[in-house]
Each structure stands twice: as structure tokens, then as C-alpha cells.
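Comments concern the structure below.
The values are calculated or read from the model by the stated rules, or taken from the named source; none is laboratory data. Since we're looking at a predicted model, the values are computed, not measured. Please note: Cβ atoms are built from the backbone with ideal geometry, for glycine as well, and neighbour counts cover all protein chains shown. Heavy atoms of the whole protein, side chains included, go into the accessibility calculation; ligands, DNA and RNA do not. Shrake-Rupley method; radii C 1.70, N 1.55, O 1.52, S 1.80 Å.
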Amino acid sequence: MVDSLFSQVYHWIMKPEPSMISVPIREITVRLVARDEVARWQELMARHHYLGFPGFVGERLYQVAEWNGQWVALLGWTAAAYRCRARDAWIGWTPEQRRRRLRFVANNARFLILPDAHVPNLGSRVLGLALRRLARDWQAIHGHPVILAETFIDPSRFRGTVYRAANWQTVGLTLGFGRHQGTYVWHGQAKHVAVRPLVPQARAWLTAVWDAPALIAQRGTITLSTESLVHHPRSLMARLAVLPDVRKPRGVRHAYITILTIALAAIAAGCTSLLAIGEWAATLTQDQLATLQAARWKGRYVPPSEAAIRRTLQRSDAEALDRILTEWMREQGVPDAVALDGKTVRGSRSETAKARHLVSAVVHGTTRVLAQTEVDEKSKEIPAAYPLLDSLDLQGALVTGDAMHTQRDLATYLVEDKHADYLLIAKGNQPTLEADIRTLSPDAFSAPAETLDKGHGRIEHRSWRASTALNAYLDFPYIQQVFVLERTTTIVKTGQVRQETVVGVTSRPSEKASPKDLLDAVRQHWTIENKVRWVRDVDGQEDKSRIRTGAAPHILASFRNAVLSWLDLKNKKHIASQRRQFAWDKTLTIALVTEPV
């Protein structure tokens, strides 16, 4: 028994120390926690912090300190305590000022040095780095700055040495109350209250009669986090960065990616001319220019001029840009249905050149443009469809097109090469096919699917009937159904009635697509008019744009597509309202190119 006890004591004394991280203190960095890292942050905090981690309430911020990619410390920030007598006395504000300006104070609710990372002076180093970037991180995440940090230190556990080393100031004790389920409960554990101004004028701004200009809600007037946003591999800025610079090296002042992202952001903000884009760039703040990697001159960031933007866009490779945007859309998954359609950029017409014509593939019912290519004229849409669709994964999708695309070769290509189905309209370019469908007996059709819509001063009744009776007789590849769509439109004010009958073919069999499904598909195809064309023409003023030279019309049309696709991916349904927000708030606009998508 003595030998056993001796053996246990011996092994306890001689057991090796746990592995520690030994790193140069100056190599420690602090950054925001990425969205997909939040769960790991919360799990480590719950496991190792003496208070655990029940979760934060209100605005919050997660930071991590790391060395060589290894996490060494965690910091959690939340909205400030609503009432704290010692803090409020130190600030000197009134209850009304506290109510209006409490959001400019952040609370350091959690600070954890991970168990294997006890490096001398690590705590003060991490806290100092976190404070340096707290204002811009808060600005980037929540859209407003913070100018004062607070924390509560339990004197029964800690002396607060780390906070004092980072220039925090102890201003008093709490009364031992905690807020729980909307009421204050006394727990008897008074804590030291420590504060740290992030700007020298913090107390003056919080107690001023009028709001200081830096506190007025102008997102982007403080800073943006260039570390956490600009270089995110899934941002539009990172995607565009792979485009080769088409300019001659001599005289280049601004990075190619800077000019592209400024033009894209300006288009989102509603700029319709190259002059407007240049003027928009001139209004960017120093922090915003830094975020977009603008050039520096005599210690300041300078925006590119209108001339530099114009020359760069005119010489850019529009097809390469479209390939980048197509690859971005491919990452979003295979769509259920795709509309194939062309659009003429009427404002690009000049005395010596025709207007640019662009063919696009758009996801049904959305503003998401999957791919786009330029053709010389409308009649060349058909051969352009093949390289356009080659870049897309369409397996199992339904591709819809107007009468121009009702071609046997295209139908064969969709079914055999792309493993997709087609739904095409038959008109004058296929007179025999149209006549055969129109002369089919009504008894050969299925029961109709009907819809009735009222809006915009008219009532529209649609009736859809499908049939398989002609499958063995029609000379059209892979045909599974023919259909007849009858539309009756009544103008409410005048009583005028307009009737229209449309016929077509589809390779999707009846067991996979009911008449109602096909009716919905045709209606979704036509929504490309008001979801993409109308938005680009009316909201984006595309047809009124007088940009005509070089690749600029095509480039800016692709940027408009990118904006619409971004809004759809972010589930922003009210496009006009969001575009106004972009025009008012440059931080939102810059987030379009810097945030991961």
C-alpha cells in the first residue's frame, strides 16, 4: 500500500507540464471571427470560461487572437449595460442622453485566454489589439461606431491587471444587481467597473447637447474592416481580382480591381454615366478608398478620375468578366428552370454602330442572371445560345425560350448534351408545327389549368391545355407534350377585351409536369420582362445611358446583372428601395463588393 501511494505521488510530481504555445508576442494578431467559425468560438467559450456561455443579447461582436493560424484568445463584445451607476456618473450624461447614445458604448462581456496559450503579457497585448480595431469592426457589422468600451471585473477572482495594462480606468463598483428576465435581481457580488475611451472626445461627445458629426448615422464615416471583408475569397471583389489587367503598364496609377469595384459599386448606387461614376468615386472617404485598395498619393488615398475609369472600362475584356460572373452563379447550385432571352442596349447605338445586343440566361422568378454574352444582332441569338448554355449546369432543369429559340438543333442539344428539358413557343418561324397544334381537336387535350389575376387596371384570365396526341406525328425532337395557352385580358376602366392564343412544345412528360406546372413555367419566363429588363431599363436607366465606346456598354450591363443577382441572393425583394439605400449609404454599397456571397 505504501509502495502504491509512493508511486502515485511520484507520478503526480514528475508528470510533464501540459503543452504551452510559446510565440513571439508581436506575432499575435486579432481579427473578426468568420461566420462559419462562430460555433467553434461559442463552444470554446462555453467549455473554458468560468461563466460559461449562455449567449449574448442584442448587438454582438466575436473576435479571436491567433498566432500562425492557431487560436490563443477569444473576446466577446455586446451592447452596453442599460444602467450602471458608476459608469453613468463618470460619463456625466443625462437619462435622455444615455437613451440616445448608449449604442455607442460596447461591453467586453467575455475575455478568455485559451488553456494552452499562457504567454507572458499575452492578455494586455490581445486586449490592446482588440481595442484598436473595435470601432471599425463594430461599424462594419452593425453600421454605427462605438467610442467607449466598458467591462465588469469580479474582484474575488481577478485583480484587473490586464485591463490596467491596456489603459482601462476603474471608475467604481456595481451595486450587486443583475438584469434577469426584464427585472433587476440582487446577487450580492459587486464588481469593479472599468472603462476605456476609444477616442479622446468620448465623454464630450456622449454628453454634448447636439450629436457630434461622427455619431450621426452615416455608415462608413468612421472605418471599414479591410482585413475581414476585402479579401474574403467569396466576395465579388476577390472574384474580380483574377481578371487580367488589360491596360498598358506605362502610366498605370490605380489597381485594375479598384476601378472595377468602384464602377460596380457606383452602378449599384444608381450612377448611369461614366461622369457620374467618377463623381461618385470622388465622394468616397479615406477609409472607403482604403477598403477598395485605392492608390496613395502624398500620404492620402486618391480616387480614380472619370477619365481613368472610362479608359479602363472601354479596354476591359467583357467576355472574361461574364465568365467570372457565370462561375459565381454556378456555385449557387442547379436552378429548377431557366429563361433564355435577348436584350438590346438601345442607348449604345451611335451613328456608325448598331446598338449592343446581349443574350442572357435568367433563373425563373428571380433577378439572378446566370450567364450573358454579346451578339452582333438579334438574328444571331440562336448560335449564341450554345456557348452561353455550355457554361451552365442544367441537368434536370427546364429551359424556356420564345419563338426565336424554337429550333430542332437547340432542342436536341438541350436534351442530349445538357440533360435538360425544353419548353418552347411555336410561331411563324415554325409554321407547320404551329398549324398542326392549332388544328388539333379540343377533345385531344387534357382538362385545362386556369388562373385569374387582377391588377394594374386589368383582369387577366389564362387557360392552359396540354396533349400527347401529336407526339408520334410531329417532326420535332424529344417532344412529349404540345400545349395551347389562351389569354383573355379585360381593361377594367374601358371594358376593352383582348384575346391571344399561344401554342408550343415541351420535352417534359405529363407525369413530371402537369398543365398547371407548365403554365407557371411560361408565366415565369415572361416575368423576365419586369424582373430583369424593366429593372435595368427603368431603375437602372440602361436604355437612356449614352455610353457607347469599346467594351464599356457591355461591362456596365454585366455589372447591372451582378447587382440584381446579388440582391436576389441576399433575399432583397424590394429592389427599388434597396437601390435607394445604396444611393444614400456608401457603406452598404461597398459591402456589395466586399461581403462574402
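Report yes if residue 167 is in contact with a strand residue (DSSP E or B) (Cβ under 8 Å, 6 or more places away or on another chain) and either of a type in the set (A, V, I, L, M) or open to solvent by 10 Å² or more (accessible area, probe 1.4 Å) (or both), otherwise no. Yes; evaluated as a whole, the condition is true for this residue. In the range 409-430, of all residues being open to solvent by less than 20 Å² (accessible area, probe 1.4 Å) and among the small types (Gly, Ala, Ser), the one that is farthest from the chain's Cα centre (by Cα) corresponds to 426. Candidates 132, 110, 103: the one that is outside any helix (DSSP H, G or I) and open to solvent by 20 Å² or more (accessible area, probe 1.4 Å) is 110.
Kindly indicate whether any position in the range 170-191 is among the basic types (Lys, Arg), closer than 21 Å to residue 126 by Cα and at pLDDT 70 or above. Within the range 170-191, not a single residue is among the basic types (Lys, Arg), closer than 21 Å to residue 126 by Cα and at pLDDT 70 or above. Among the residues that make up the range 104-123, is at least one of them closer than 19 Å to residue 197 by Cβ and free of Cβ contacts under 8 Å to residues at least 12 places away in the same chain? Checked the range 104-123: no residue is closer than 19 Å to residue 197 by Cβ and free of Cβ contacts under 8 Å to residues at least 12 places away in the same chain.
Among the residues making up the range 447-475, a single one is open to solvent by 30 Å² or more (accessible area, probe 1.4 Å) and touching a Pro at 6+ places or on another chain (Cβ under 6 Å): 465. Scanning the range 478-511 for residues that are part of a loop (DSSP other than H, G, I, E, B) and either open to solvent by less than 30 Å² (accessible area, probe 1.4 Å) or aliphatic (A, V, I, L, M) (or both) yields a count of 4. Confirm whether residue 272 is of a type in the set (Ser, Thr, Tyr), assigned to a helix (DSSP H, G or I) and under 23 Å from residue 565 (Cα atoms). When the stated conditions are applied, residue 272 does not pass them.
Residues in the range 545-597 that are in contact with a strand residue (DSSP E or B) (Cβ under 7 Å, 6 or more places away or on another chain) and either open to solvent by 50 Å² or more (accessible area, probe 1.4 Å) or without any contact (Cβ under 8 Å) to a residue 40 or more places away in the chain (or both): 595 alone. Quick check: anything in the range 144-154 among the small types (Gly, Ala, Ser) and out of contact with any Leu (no Cβ under 8 Å at 6 or more places or on another chain)? Scanning the range 144-154 turns up no residue that is among the small types (Gly, Ala, Ser) and out of contact with any Leu (no Cβ under 8 Å at 6 or more places or on another chain).
On the stretch given as the range 136-163, residues that are modelled with pLDDT under 90, open to solvent by 10 Å² or more (accessible area, probe 1.4 Å) and part of a helix (DSSP H, G or I) total 6.
When the range 356-374 is limited to residues that are more than 22 Å from residue 524 (Cα to Cα) and open to solvent by 10 Å² or more (accessible area, probe 1.4 Å), the one that is modelled with the highest pLDDT turns out to be 374.
Within the range 290-317, being of a type in the set (A, V, I, L, M) and either surrounded by fewer than 22 Cβ atoms within 10 Å (Cβ to Cβ) or not in a helix (DSSP H, G or I) (or both) holds for 290, 292, 294, 295, 302, 307, 308. At least 1 residues being under 22 Å from residue 107 (Cα atoms), within 26 Å of the chain's Cα centre (by Cα) and at pLDDT 80 or above is the threshold, and among the helices (runs of 4 or more DSSP H) wholly inside the range 1-91 those reaching it are 38-48.
Summed over the range 512-525, residues that are assigned to a helix (DSSP H, G or I) and open to solvent by 40 Å² or more (accessible area, probe 1.4 Å) total 5. Residue count for the range 207-253, restricted to those that are open to solvent by less than 80 Å² (accessible area, probe 1.4 Å), under 20 Å from residue 147 (Cα atoms) and at pLDDT 65 or above: 6.
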